[in-house]
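Read the figures in this text as sums done on the coordinates, not as results from a lab. Source: prediction; values computed, not measured. We place every Cβ from the backbone using ideal geometry, glycine too, and count neighbours over all the protein chains shown.
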Amino acid sequence: MTFPDTTRAAPARLRDQLDYMRLLGARVTGGAANQMLMVALGWQMYDLTSSAWDLGLVGLAQFLPALLLTLPAGHVVDQHDRRLLLTSSLSLQLAAAACLALASGGGWVGSPLILLLSVLLGCARALQMPAQQALMPTLVPPVLLPRAVAAASSTMQAAIIAGPALGGALYALGPWVASRLGQGQAQAAAHWGAAVVYGVSVVLLVAAIASVLAIRHRPVQARRASPGLEQLTAGIHFIWQRPVVLGAISLDLFAVLLGGATALLPIFARDILHTGPEGLGLLRAAPALGAVVVGLALARRPIASRAGHWLLGAVAVFGGSMIAFALTTSFGVAFGVLVVSGAADMVSVVIRQSLVQLETPDEMRGRVGAVNSVFIGASNQLGEFESGATAALLGPVGSVLLGGAGTLAVVLLWCRLFPALARRDRLQPEQPA
């Protein structure tokens with residue numbers, strides 16, 4: 001495969017890749033803004049409705065447009081300037097955050113508006129994920145790609161640490177902001193804290209857009225083609241023919257779909273761990289804390305062998321940590337096991353993304369990235385809906401317990417369904433026979 005920006009004597013350090021560093025900056029600011037939005041949306045929805053089902057609907061509202069639009073978006077990414085497409089996605093998120101800020105500050109926000117704007121956020125992510133995934137490998141030489149994936153993942157996790165923690169703290173400032181504006185305490189708790197979070201998100205998204213636009217344009221190495229069915233489904237066919245890649249991304253899909261507890265964190269924070277929005281922010285940041293430590297370690301010392309075993313073992317640890325989280329009533333213990341879950345998930349992310357990028361030629365990156373983003377979106381947003389639906393039936397503890405046990409069962413099943421994945425040794429392109 002070829003990389004447009006690779007030279008005969010490519011710098012051996014990631015920090016020498018200026019456009020890659022600009023993309024990292026956009027990932028940090030945009031990622032932090034997105035995480036702040038999710039904290040505010042979750043707490044505000046639960047504050048307005050006190051319904052686990054409505055929390056799940058927020059995830060479903062984001063997943064459905066992504067499911068419908070991601071494959072066409074992948075084709076577009078392989079045909080057009082990926083920088084501008086990523087900028088367009090961030091601009092949609094900016095519009096949603098600005099609308100939420102105005103609605104919360106004006107006191108006319110409600111669950112229908114939150115769900116409607118969640119649909120807009122889902123549309124934005126349908127374009128963002130394939131564009132972002134396809135852009136990164138063109139900014140670094142192949143020898144640096146595993147380190148680049150680990151560094152990008154760890155910096156993203158840093159944003160996921162700072163974003164929720166800052167979002168929760170800013171949300172808790174709502175009563176103070178409202179008192180300064182002469183508003184009542186009830187309205188402050190429901191609206192003004194969210195308005196502050198959404199407003200800061202707007203500023204961060206503007207910074208992310210500026211960083212992406214500073215990246216130099218690189219022509220896409222692809223033949224122009226009309227978006228027929230064959231073009232739209234090319235990414236699916238490509239992945240289906242590579243059992244290692246299919247096994248890796250489908251493992252993540254089912255593990256997080258079943259085992260994720262993100263949507264239920266507002267319930268655990270308020271009703272089980274007895275904390276406020278600042279506690280919710282810390283709980284959402286906890287997995288990222290473990291992930292960033294592991295990501296930095298893997299950027300310095302990448303996994304050299306037994307990659308398949310590391311991947312399956314990490315997902316098993318993730319499932320076990322979810323079971324431990326469901327059973328505790330201590331905020332400190334809950335925070336600790338979520339840190340462990342994030343550390344395990346980072347091992348999975350680095351291995352999975354490295355396999356996908358190393359096995360995919362540049363002209364296919366957008367479409368393969370689109371399929372990968374559907375899997376990720378299903379595991380995250382559809383997983384949030386699954387968590388909300390099962391919590392409405394079994395309660396939050398029963399929902400997370402069932403999901404953790406399901407994750408462990410998926411690991412055992414995947415060992416049998418994808419033996420080539422379990423046997424995969426090194427993170428490098430497989431040599432043709």
What are the ³J(HN,Hα) couplings of the stretch 240-247, residue after residue, when phi is run through the Karplus curve with 6.51, -1.76, 1.60 and θ = phi - 60°? Round to Hz, x for glycine and proline. 4, 7, 10, x, 5, 5, 4, x
Descending packing, highest mean Cβ count within 10 Å first, for 344-354, 83-93 is 344-354, 83-93
Counting only the backbone N, which residues of the stretch 111-140 are under 14 Å from the spot 7 Å out from the Cα of ARG216 toward its beta-carbon? 138-140
Residue span CYS415 to VAL206: 0.36 nm per residue of separation minus Cα-Cα distance leaves a gain in nm of 70.8 nm
Can you put TRP414, TRP108, TRP192, TRP310 in order of Cβ neighbours within 10 angstrom, beginning with the fewest? TRP108, TRP310, TRP414, TRP192
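When N is the residue count of the stretch 43-148, what does its C-alpha Rg come to as a fraction of 2.2 N^0.38 Å?
The reported ratio for this selection is 1.29.
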Which peptide among 388-395, 62-69 comes first, and what is the full order, when sorted by highest mean count of other Cβ atoms within 10 Å? 62-69, 388-395
With a 10 Å radius around each residue's Cβ, average the other Cβ atoms per peptide and rank 312-323, 34-45, highest first. 34-45, 312-323
